[in-house]
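Below is one structure, written out as structure tokens; the observations come after it.
The values are calculated or read from the model by the stated rules, or taken from the named source; none is laboratory data. If you're wondering where the values come from, they're calculated on a predicted model, not measured in any experiment. Here Cβ is always computed from backbone atoms with ideal geometry, including for glycine, and neighbour counts include all displayed protein chains. Keep in mind that these areas ignore ligands, DNA and RNA; they rest on the heavy atoms of the full protein, side chains included. Shrake-Rupley method; radii C 1.70, N 1.55, O 1.52, S 1.80 Å.
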Amino acid sequence: MKSRSEDLVLLLAVIDNGGFSAAAEALGMQVAKVSRAVNKVEQQLGVTILNRTTRRIELTNEGVKFVESVRQGLQMISQAEMELQSQGESPKGHLRVDAASPFIFHQLVPLMAEFHQTYPDIELELTSNEGFVDLIEKRTDVVIRIGKLEDSTLHARALGQSQLHIVASPQYLAQKGMPKHTADLANHQVVGFTSPKILNQWPLPNLPTITPNISASNGETVRQLILAGNGIGVLSGFMVNDDIESGRLVSLMQSEKLTNTGREQINAVFYRTSNVARRISVFIDFIQPRLKL
């Protein structure tokens with residue numbers, strides 16, 4: 001027989017309040033009822049979860065693992081109940097979304113008016129960070145990440161792929177010439193990133209990490225430097241597709257360029273146990289088909 005969720009809730013209350021009496025007082029019930037619930041869980045499992053003394057309670061080794069799983073399980077149940085109850089209702093509340101500033105400028109900002117019209121009760125907050133973002137530390141609900149994902153504790157929704165482009169302005173190329181092969185880059189000015197260094201690994205064979213002549217910490221600054229004729233750089237298509245189509249930039253060395261380097265991947269990531277799952281899902285469902293990657 002499995003333990004009932006009510007008994008498990010009381011078990012967590014005992015742990016979180018530091019004892020049976022404190023848990024009973026917090027919940028407004030008799031100590032005996034709380035004690036019976038915990039004893040029932042232990043009897044059903046055949047395992048001691050709490051070591052009791054006259055002064056304190058302490059989780060056993062088995063109890064530590066069990067309680068962690070219980071918390072996750074109860075969160076999932078609570079989330080499922082909220083989602084079921086909210087079906088047919090317009091999602092509401094605060095949603096904090098983080099992405100590199102170029103992605104916000106070029107992809108999210110153009111969609112925000114329509115998103116607000118569609119979901120007027122969602123209070124959307126956009127934040128920009130150029131590096132790795134800790135969702136808990138930054139109190140962020142969903143992060144748009146570019147490149148390979150390493151953190152297995154996060155849940156990911158693939159948004160698509162954005163090809164890398166080696167680009168320069170027509171004015172720069174008129175002055176310095178058109179590079180056709182990797183070796184030709186030695187004769188050119190290079191615009192790159194201050195960090196992370198992986199962004200200075202260009203999608204070309206047998207090319208070590210480049211050392212920029214001019215570097216910036218922000219992708220939009222790199223784009224503006226290239227547009228202004230300061231040299232050649234590598235940027236994602238979601239930033240420069242319009243520039244290439246309009247002729248403001250020229251995409252170079254297409255025959256030598258490597259694809260599927262991992263940097264093309266774009267994902268929306270969040271914690272599986274997020275209690276704002278409905279807001280996250282409608283946000284991702286809205287932006288994904290509208291992105292121009």
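Look at region 62-79: where a residue is modelled with pLDDT under 75 and part of a helix (DSSP H, G or I) and a partner is open to solvent by less than 40 Å² (accessible area, probe 1.4 Å) and not charged (D, E, K, R), sitting 6+ places away or on another chain with Cβ atoms under 6 Å, you get 79/277. So, of the residues in region 173-183 that are in a helix (DSSP H, G or I) and open to solvent by 50 Å² or more (accessible area, probe 1.4 Å), which turns out to be farthest from residue 252 (Cα to Cα)? Checked region 173-183; the qualifying residue farthest from residue 252 (Cα to Cα) is 175. Any idea which residue in region 234-272 is most open to solvent (accessible area, probe 1.4 Å), counting only those that are farther than 22 Å from residue 128 by Cα and among the small types (Gly, Ala, Ser)? The qualifying residue most open to solvent (accessible area, probe 1.4 Å) is 255.
The residue that is most open to solvent (accessible area, probe 1.4 Å), among those in region 5-43 that are among the β-branched types (Val, Ile, Thr) and within 40 Å of the chain's Cα centre (by Cα), is 9. If you check residue 123 against the conditions, is it exposed (fewer than 14 other Cβ atoms within 10 Å of the Cβ), in a strand (DSSP E or B) and either acidic (Asp, Glu) or at pLDDT 95 or above (or both)? Criteria met by residue 123. Within region 274-293, restricting attention to residues that are among the charged types (D, E, K, R) and open to solvent by 50 Å² or more (accessible area, probe 1.4 Å), which residue is modelled with the lowest pLDDT? Selected residue: 278. If only residues of region 214-233 that are of a type in the set (A, V, I, L, M) and open to solvent by 30 Å² or more (accessible area, probe 1.4 Å) are counted, the one that is farthest from residue 147 (Cα to Cα) is 228. Restricted to region 44-56, and to residues there that are open to solvent by less than 70 Å² (accessible area, probe 1.4 Å) and among the hydrophobic types (A, V, I, L, M, F, W, C), the residue that is nearest to residue 71 (Cα to Cα) is 49.
In region 187-213, which residue that is over 20 Å from residue 251 (Cβ atoms) and open to solvent by 80 Å² or more (accessible area, probe 1.4 Å) is modelled with the lowest pLDDT? Checking each candidate, the answer is 208.
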